[in-house]
There are 2 protein chains.
Amino acid sequence: MMSVADLGEFGLIAEIRALLPPDPSAIVGVGDDAAVLPVPGARVVASTDLLIEGRHFRRDWSAAKDVGAKAAAQNLADIAAMGAVPTALLFGLAIPGEVAADWVLGVTRGMVSECGRIGAAIAGGDVTSADQVMLAITALGYLNGQPPVTRGGARPGDAIAVSGPVGPAAAGLALLLAGYGRQSDLAPELTGLIDAQRRPQPRYQAGPQAARHGATAMIDTSDGLLQDLGHIAADSGVGLELRLASLPGTDVLRPAADLLQADWRQWALAGGEDHAFAATFSPGVTIPADWTIIGNVCDGADILVDGAVWPGNTGWDHFRKPGSNRSS
Amino acid sequence: MMSVADLGEFGLIAEIRALLPPDPSAIVGVGDDAAVLPVPGARVVASTDLLIEGRHFRRDWSAAKDVGAKAAAQNLADIAAMGAVPTALLFGLAIPGEVAADWVLGVTRGMVSECGRIGAAIAGGDVTSADQVMLAITALGYLNGQPPVTRGGARPGDAIAVSGPVGPAAAGLALLLAGYGRQSDLAPELTGLIDAQRRPQPRYQAGPQAARHGATAMIDTSDGLLQDLGHIAADSGVGLELRLASLPGTDVLRPAADLLQADWRQWALAGGEDHAFAATFSPGVTIPADWTIIGNVCDGADILVDGAVWPGNTGWDHFRKPGSNRSS
């Protein structure tokens, strides 16, 4: 088995580069001091995220390809959540020298594959040695004539809608924590939840679509629906009322909750890593087909679920102690 | 002492944000899913780099402010090395929960300060816990009407020039490794070398300046002059001839070399982290005042120093074993 250290920095970079499809839109692509990319509309949208081994992924739980796809997905989703079209990723990799070079190439393949879902390219990166595997991803995109959709534009009376499922990634995490990831005869609906944890599939086009329909605020659900909607509430200076029964795709959570004697509502309301999109729309606007109305914006500052403040945990804090996050 | 874990993710982010000066040019600044920035000329220049504790910096060798300034500098320099104007940084921080929050705020202050040297702003970021401190920086910039200056445009007959010193950062590293960082009565010229290691001060404006003077190829010296010029040679399909006596600022290396019984030429030719700029200019072009001619481009593929291939180490590989890098 060839390790990263066996290949060396420049050997590894050459192998990574060989996996990147050519990007005909790049003015300067991978391999110079910096990439140069066209930005239609002359407004660039940029976001950066870190994924740390043992916290955001585990090499024994996820295939390398899934780790790469998930890293790409969470960043591309941030761009789409501004109503923008994601176009490029920059990919920083910190890795212990003894890790197999094939693992790195698998991560790269996963990123390339996820970028391909939305027509984005890998435009640059950096590789260095470290004690722990860390991925640092920056995504870039552009606004197609529309203004950006921030977290701050929701107004009382707006509808709240989501595009994409809420809770499956957290349910999948709970199944993995309980050891079900090693079970080969798992029921397909439970396998689907584990897949959602390993490899979320954000509906990127829902972001620009919501922007075209005049969404007043938008976010992607990376840290839990309540926590992420809380950012919209805080930045917009509004309250939010959600209806639990309106949340889409919660049927698939129930068998897992029964199996684990857990509360599916906790996954749906506070589970992270789904990378669904949540947005608010002015009253009277036709909500796009891929979106489901789950509540409405109101005066005040509270976030109510079926009329009451949710008593459980509401989301993820990266410095909380293990076990205190996402537990029911 | 307040630790990062005591503050929590969102408390820490709030403290970091409070240190960032407002960026009047940002369309959407820090605090949304992504930043939205204007890109004059509709071509964005983007580069990403990782800094790992114990490899790129040591908390016992460098003040937090210097770590932040250096992280910013090496990324802003990559943008300038394309002939572009750096405008923004995105700043990912992976950090153990027990690290003092003040250290993180010091790093932030250093970044803000270094960005201020060139009028750039911190546009976004991410914070997460990890076993080891890692900074992941992405720099963005724009091209001011000129085409980008790549590594691939050097032609035989061009002059090779540098802007900024070569070798002081490596000499400073050697002094730190030998224990001189703790010595308070160090001669000022040696202190200056340690300062260059802790906090390089790239001449960012030299990049766009070289572009305006028609530089045919450019790079910043992050991994060692010979290695970085080697990228120009390889990408341009040319050979390079350097004159050791023409290298600027090598006088300051000699007292340190005498003290450590080291070879100053090794620092000048193969020492990394100076973030000087190296460029090639067509014959007959007036070289800008901040630049020093150090050789010329020739046919072939070799890089010659005073007519011979340099027999020593030529630069940095992040997966080589400790001690095999930058030693004389």
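The values are calculated or read from the model by the stated rules, or taken from the named source; none is laboratory data. What you are looking at is a predicted structure, and each value in this text was computed from that prediction instead of being measured. Glycine also receives a Cβ, built like all others from the backbone with ideal geometry; neighbour counts cover every protein chain displayed. The protein model used for the area step is the full one, side chains on, heavy atoms only, and it has no ligands, DNA or RNA in it. Shrake-Rupley method; radii C 1.70, N 1.55, O 1.52, S 1.80 Å.
As an exercise: evaluate A:Val166 against (1) part of a loop (DSSP other than H, G, I, E, B); (2) closer than 16 Å to A:Phe91 by Cα and give the number of the one condition it does not meet.
It is condition (2) that A:Val166 fails.
Looking only at region A:22-53, which residues are part of a loop (DSSP other than H, G, I, E, B) and more than 8 Å from every other protein chain (Cβ to nearest Cβ)? Outline the logic, then answer.
As a first pass, look at region A:22-53 and keep what is part of a loop (DSSP other than H, G, I, E, B): A:22-27, A:29-34, A:39.
The answer is A:Pro22, A:Asp23, A:Pro24, A:Ser25, A:Ala26, A:Gly29, A:Val30.
Just need a number here: residues in region B:181-195 that are free of Cβ contacts under 8 Å to residues at least 60 places away in the same chain and open to solvent by less than 60 Å² (accessible area, probe 1.4 Å). Can you show your working first?
Applying the first criterion (free of Cβ contacts under 8 Å to residues at least 60 places away in the same chain) to region B:181-195 yields B:182-186, B:188, B:191, B:194-195.
Remaining after also requiring open to solvent by less than 60 Å² (accessible area, probe 1.4 Å): B:186, B:191, B:194.
Count: 3.
For region A:23-43, which residues satisfy the criterion of being in contact with a Gly (Cβ under 6 Å, 6 or more places away or on another chain) and buried (at least 22 other Cβ atoms within 10 Å of the Cβ)?
Hit for region A:23-43 is A:Ala35, nothing else.
Taking A:Gly172 and the conditions (1) open to solvent by less than 10 Å² (accessible area, probe 1.4 Å); (2) without any contact (Cβ under 8 Å) to a residue 24 or more places away in the chain; (3) not aromatic (Phe, Trp, Tyr), which numbered condition does it fall short on, given that it satisfies the others?
(2)
In region B:67-75, is there at least one residue being farther than 30 Å from A:Ile13 by Cβ and open to solvent by 10 Å² or more (accessible area, probe 1.4 Å)?
Going residue by residue through region B:67-75, those that are farther than 30 Å from A:Ile13 by Cβ are none.
Scanning region B:67-75 turns up no residue that is farther than 30 Å from A:Ile13 by Cβ and open to solvent by 10 Å² or more (accessible area, probe 1.4 Å).
Filter region B:126-153 for residues that are part of a loop (DSSP other than H, G, I, E, B), open to solvent by less than 10 Å² (accessible area, probe 1.4 Å) and farther than 11 Å from B:Ala84 by Cα and give the result. So that I can check it myself, show each step before the final result.
Of the residues in region B:126-153, the ones part of a loop (DSSP other than H, G, I, E, B) are B:130-133, B:143-153.
Filter once more, so that each one left must be open to solvent by less than 10 Å² (accessible area, probe 1.4 Å): B:130, B:133, B:143, B:149.
Result: B:Ala130, B:Val133.
Of the numbered conditions (1) away from chain A (no Cβ under 14 Å); (2) not in a loop (DSSP other than H, G, I, E, B), B:His231 satisfies every one except a single condition; which is it?
Just one mismatch for B:His231, condition (1).
Which of the residues that make up region B:212-234 are open to solvent by 10 Å² or more (accessible area, probe 1.4 Å) and closer than 14 Å to B:Phe281 by Cβ?
Correct list: B:Arg212, B:His213, B:Gly214, B:Ala215, B:Thr216.
Looking at region B:196-211, which of its residues are open to solvent by less than 50 Å² (accessible area, probe 1.4 Å) and outside any helix (DSSP H, G or I)? Reasoning before the result, please.
Step one: filter region B:196-211 for residues open to solvent by less than 50 Å² (accessible area, probe 1.4 Å), giving B:196-197, B:200, B:202, B:204, B:206-211.
If the condition is that a residue be open to solvent by less than 50 Å² (accessible area, probe 1.4 Å) and outside any helix (DSSP H, G or I), then B:Pro200, B:Pro202, B:Tyr204 are the ones that fit.
For the list (1) modelled with pLDDT of 90 or more; (2) open to solvent by 20 Å² or more (accessible area, probe 1.4 Å), I need the number of the one condition that B:His56 fails.
B:His56 satisfies all of (1) modelled with pLDDT of 90 or more; (2) open to solvent by 20 Å² or more (accessible area, probe 1.4 Å) except (1).
Can you find, within region A:90-114, the residue that is farthest from the other protein chains (Cβ to nearest Cβ) among those that are surrounded by fewer than 23 Cβ atoms within 10 Å (Cβ to Cβ) and of a type in the set (Asp, Glu)?
A:Asp102
Mind listing whichever residues of region A:1-21 are more than 13 Å from chain B (Cβ to nearest Cβ), assigned to a loop (DSSP other than H, G, I, E, B) and either touching a His at 6+ places or on another chain (Cβ under 7 Å) or at pLDDT 90 or above (or both)?
Of everything in region A:1-21, those that are more than 13 Å from chain B (Cβ to nearest Cβ), assigned to a loop (DSSP other than H, G, I, E, B) and either touching a His at 6+ places or on another chain (Cβ under 7 Å) or at pLDDT 90 or above (or both) turn out to be A:Leu20, A:Pro21.
Looking at region B:20-32, I want the residues that are among the β-branched types (Val, Ile, Thr) and have a partner that is surrounded by fewer than 19 Cβ atoms within 10 Å (Cβ to Cβ) and at pLDDT 90 or above with Cβ atoms under 8 Å, at least 6 apart or on another chain. Which pairs are those?
From residues that are among the β-branched types (Val, Ile, Thr), the pairs are B:Ile27/B:Pro38; B:Val30/B:Arg17.
Could you figure out which of (1) free of Cβ contacts under 8 Å to residues at least 24 places away in the same chain; (2) away from chain B (no Cβ under 12 Å); (3) in contact with a strand residue (DSSP E or B) (Cβ under 6 Å, 6 or more places away or on another chain) isn't true of A:Asp60?
The one condition A:Asp60 does not meet is (3).
Restricting attention to region B:120-147, and to residues there that are within 17 Å of the chain's Cα centre (by Cα) and more than 13 Å from B:Leu37 (Cβ to Cβ), which single residue is nearest to the other protein chains (Cβ to nearest Cβ)? It would help to see each step written out before you state the result.
Initially, region B:120-147 is screened for residues within 17 Å of the chain's Cα centre (by Cα), giving B:120, B:134-141.
Of the ones still in play, those that are also more than 13 Å from B:Leu37 (Cβ to Cβ) are B:134-137.
Values: B:Met134: 5, B:Leu135: 9, B:Ala136: 3, B:Ile137: 9 Å.
Out of the qualifying residues, it is B:Ala136.
What are the pairs with Cβ atoms under 9 angstrom where one residue, in region A:281-292, is β-branched (Val, Ile, Thr) and the other, located anywhere, is open to solvent by 50 Å² or more (accessible area, probe 1.4 Å)? Sequence gap at least six, or different chains.
If the second residue must be open to solvent by 50 Å² or more (accessible area, probe 1.4 Å), the pairs left are A:Val285/A:His213; A:Thr286/A:His213; A:Ile287/A:His213; A:Ile287/A:Ile293.
Restricting region B:262-312 to residues that are polar (S, T, N, Q) and assigned to a strand (DSSP E or B), which is surrounded by the fewest Cβ atoms within 10 Å (Cβ to Cβ)? Lay out the reasoning, then the answer.
Initially, region B:262-312 is screened for residues polar (S, T, N, Q), giving B:266, B:280, B:282, B:286, B:292, B:296.
Filter again for assigned to a strand (DSSP E or B), leaving B:280, B:292, B:296.
Working: B:Thr280: 29, B:Thr292: 18, B:Asn296: 20.
If we take residues in region B:262-312 being polar (S, T, N, Q) and assigned to a strand (DSSP E or B), then B:Thr292 is surrounded by the fewest Cβ atoms within 10 Å (Cβ to Cβ).
Being touching a helix residue (DSSP H, G or I) at 6+ places or on another chain (Cβ under 8 Å) and closer than 16 Å to B:Glu53 by Cβ is the filter here; which residues of region B:78-101 pass it?
Within region B:78-101, B:Phe91, B:Leu93, B:Ile95, B:Pro96, B:Gly97, B:Glu98, B:Val99, B:Ala100 meet the criteria.
Output the residues belonging to region A:109-158 that are in contact with a Lys or Arg (Cβ under 6 Å, 6 or more places away or on another chain) and over 18 Å from A:Phe57 (Cα atoms). First the steps, then the outcome.
Looking only at region A:109-158, we keep the residues that are in contact with a Lys or Arg (Cβ under 6 Å, 6 or more places away or on another chain), and these are A:109-110, A:143.
If the condition is that a residue be in contact with a Lys or Arg (Cβ under 6 Å, 6 or more places away or on another chain) and over 18 Å from A:Phe57 (Cα atoms), then A:Leu143 is the only one that fits.
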